[in-house]
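Taking it in order: structure first as structure tokens, then the write-up.
Where a number appears in this text, it was derived from the coordinates with a stated rule and is not lab data. All figures in this text were calculated on a predicted structure; none of them were measured in a lab.
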Amino acid sequence: MVKRDVYEDLKNLQLAMTQIITRFEQVQDEVTQTLEQNAELEIENQHLREVLRSDHERELNSDNPEPQLSKSRQNLEKLYEQGFHVCNYEYGKRRENNEPCAFCVEVIYGER
């Protein structure tokens with residue numbers, strides 16, 4: 001009877017080892033995927049840093065010493081180019097024959 005118990009113990013141990021090996025392989029696959037994803041993200045991160053650095057250097061080295069317009073002033077500039085006043089005196093009215101308006105130009109390009 002002792003032989004049968006040992007045999008059952010061996011079968012149970014083999015089953016447990018098979019389950020452990022299967023789980024180990026699953027975890028190993030997950031680690032491999034995580035490492036691959038990490039490597040891809042590091043490459044992408046480095047690329048984005050280079051893009052940001054080149055954009056920043058381009059801004060610093062540009063021949064345009066004049067500062068860029070803010071978003072709100074860019075919006076006013078678009079409205080002005082579409083033929084509308086953006087000054088306090090005539091705001092929202094159409095400019096007749098797209099005539100220039102010194103007040104609008106001052107609002108858009110004045111002191112920043």
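Data for the structure
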| item | result |
| --- | --- |
| The chain: calculated mean residue ellipticity at 222 nm from DSSP helix runs of at least 4, using -39500 (n - 2.57) | -25000 deg cm²/dmol |
| Largest-first principal axis extents of the Cα set of the chain (Å) | 110, 34, 21 |
| Using alpha-carbon coordinates, inclination of helix 71-81 to the longest axis of the chain, degrees | 50 degrees |
